Structures are given as structure tokens and as C-alpha cells.
Amino acid sequence: MQDFRTAFANTAPGRHKARISLGTSASGTELGIPLTVLRGAQPGPCLWINGQVHGDELNGLLAAFDLLDSIDPASLSGTVVLSTTANPLALDARRKRTPADEEDLDQSYPGRVDGLPTQRLAAALFPHVAEHADVTVCMHTVGTPYDGHPYAVYKLHPDSGVDEAELLRLTAHFSPAISCRMSVAAGGAELPGNIAGALDYQLLARGRTAFMLEVGGGGRAEASFIAAATAGLRGLAVSMGLLQGPAPSLPRSLLRATKRGHLTCSHGGFAQTNVRPGSVVRAGEPILRIRNAWGELVETIIQDKDVFVIALRRDPVMQSGDRAAFVAWQWDEVAIN
Ligand SMILES: [Zn+2]
């Protein structure tokens, strides 16, 4: 298998397979990040799709496969690169995090070449994306125990040269249930950990355009969500000038979340809900109910103000502290130009 630099330097139109080496396992297996470079017959920009950074999130990379299958290199102006998985160690283990060090790769960019396994994964891929990608779509899903209607996430970096309106417009290609502006602030952040170590944020820090898509749920292939993401990628490619075609019709407005968080449960048991992710639940209405091991109702998850439900527990088995739902507490509607 050729390395990525060789594949990217090949100007012959077509589909070029590559691998970025990560060394070897104890048993001698070559470890590496699999990539496909789809080189067009005409010059043009580079769209980079990172198929997954968390090993149990699959819909996004499957959508990218379908996009690559649909493109004739003769009609492509520029390059589409797919890094199928940025974390092959987690993929093979069917887990979100790297088994070797239990780190979250999307909190580890730009990485360290002499670091822990996850830092090495980050350092192996990041320079290539930062060097070549005009636009990077970072594919995710919500965690395997959850359901989510596809939505987008973006971050703002003061030095990126990419403003919020542009990021919202890019996410609009995917008709997300909501586009979430995510803070990277330590301490006050909506999620634990080093959010500034996300691939999209580190690319923005280097003046590259990047955002995240959350394409449904983890650990499975959801056909309708995959098809919608593929259509969104195609529209994005047209808007970048990579493909010919009528200008994609974008929604005239998007919902924008500006404050999000998890609702956790206090009681273990079995969860049931009638709520659909991607919908608003009014103040005081039940979001999810939990019955204990004796069938008694022990907890009803409710909020005292309206919430937008982004993701919801799918696996009904719960214990105290588990996440019942991921919601937006604050959102508005913004026009897309
Ligand atoms: Zn993810």
C-alpha cells in the first residue's frame, strides 16, 4: 500500500488507495490509517472527509463511501480525500476511545509524534489535513446507546478567518435538525474534556474551514441518514466547485443551538420515552421515564423550560448518572444567505 504523500502527489484522475503508517502491533500487524484520494481530471479545491474519529461511529464513513462511488473523476475538478477512520485502533475494538490508553482522539489534536498511542494517531493524520484540506467535514454520530436525528456542530476560532455565517451556511447543505455552536472554553464547556483538541477546532486555528456532522446513532448503519449525508456532501462539493450541477437549494434558515448539555438520571432501571430526537419538548412534559427492577416508576426526566432534544437514550438499561438525553437549552432561528 502506498503512503499518503505518494497517493496525493499522483495527478492521474481516479481513485488512489493509501495508508498512513502507525507502526505495528505486538503480533506484527501493520497499523495504519486507511485513506482514499479521489483525484479529478481538472484542478480545483480539496474536500476532506474524516469518516470517523470515534471508533463506534459508522454512518458518516458509509455516506462518504457512497459519495466516492457516485463521482466520475472525469467530471471532478479538484480532490476529495476520505480518511475512513482516524482511529483504526478504536474501530477495530468497536469502541469510541483508543483501547491502548483510553484517550479520546477528538480531544488530542494536533497530537504528538512521540506521545501516547492516541497522541500519535492525531499527529499522524493532522499535518496532512492541515496542509491540503480547503474544507474538512468531521463525521460523527451520537454514542451507540443513543438515538439522534442528524445535526451539525461547529466551533469558532478568533484567528480562523472563517466566520459563523459561513460555517452555518456549510452545515445547511446537510439540512441538520439543528446546528450547534460549541464552546471550547475549559471549565464552562458543555462537555467534559479538552474540547479544544477537536480536529475541526485545530484546523480552524490554522485557517482551515472545518465542522462536524453528527449523523444519527453509533454502532449501526442507518440508511436514510446515510443517504441524506451523502446528498449533503454532494451539495457541498458542488458549492465548492468540485462538481458541476445546479446550485444546491439550501434551507432558508437553520435552528442554532447556543447552550447544550446532558440530562442525567438519579435512579437506575429501565427507560422509556415517546419523544423523538430533533424535536422540542415543552416545559413540564416528560422527556423520559425510568422504572426500577420491580417495575415501579422511580423517575421522570422533565425540564422546567422548553428544550430541544438533540439525542435520547436508546438502550433502556440505565444506572444512576447515566445520560438520559442531550438537549439544547437555548436556541434561535438564523437566516442562511
Ligand atoms: Zn464522535
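Residues are listed down the side, and each one gets a yes or a no for (1) within 16 Å of the ligand (Cβ to nearest atom); (2) in contact with a strand residue (DSSP E or B) (Cβ under 9 Å, 6 or more places away or on another chain); (3) closer than 30 Å to Val238 by Cβ; (4) not in a strand (DSSP E or B):
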| site | (1), (2), (3), (4) |
| --- | --- |
| Val81 | no, yes, yes, no |
| Leu89 | yes, yes, no, yes |
| Arg94 | yes, no, no, yes |
| Asp101 | no, no, no, yes |
| Arg112 | no, no, no, yes |
| Gly115 | no, no, no, yes |
| Ala122 | yes, no, no, yes |
| Cys138 | yes, yes, yes, no |
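Please determine whether any residue of the range 224-244 is closer than 21 Å to Thr85 by Cβ, of a type in the set (Gly, Ala, Ser) and within 16 Å of the ligand (Cβ to nearest atom). Yes; the residues of the range 224-244 include at least one that is closer than 21 Å to Thr85 by Cβ, of a type in the set (Gly, Ala, Ser) and within 16 Å of the ligand (Cβ to nearest atom).
Which of the residues that make up the range 140-158 are away from the ligand (no atom under 14 Å from the Cβ) and farther than 18 Å from Ser183 by Cα? Asp147, His149, listed by residue number.
On the basis of being buried (at least 19 other Cβ atoms within 10 Å of the Cβ), at pLDDT 95 or above and farther than 30 Å from His173 by Cα, does Leu288 make the cut?
Numbers: buried (at least 19 other Cβ atoms within 10 Å of the Cβ): yes; at pLDDT 95 or above: yes; farther than 30 Å from His173 by Cα: yes.
Taking the combined requirement at face value, the residue satisfies it.
Can you confirm whether Asp134 is more than 16 Å from the chain's Cα centre (by Cα), free of Cβ contacts under 8 Å to residues at least 40 places away in the same chain and away from the ligand (no atom under 13 Å from the Cβ)? No: the conditions fail for Asp134.
Candidates in the range 50-79 are the residues that are under 20 Å from Asp134 (Cα atoms) and within 14 Å of the ligand (Cβ to nearest atom); of these, the one that is surrounded by the fewest Cβ atoms within 10 Å (Cβ to Cβ) is Leu61.
A search for C-beta distances below 7 Å between a residue of the range 50-61 that is in the same structural domain as Gly111 (by TED's automatic domain parsing) and any residue that is more than 10 Å from the ligand (Cβ to nearest atom) and acidic (Asp, Glu), counting only pairs 6+ apart in sequence or on different chains, returns Asn59/Glu222.
The values are calculated or read from the model by the stated rules, or taken from the named source; none is laboratory data. Quantities reported herein were computed from a predicted structural model and do not represent experimental measurements. Cβ: placed from backbone, ideal geometry, glycine included. Neighbour counts: every protein chain shown.
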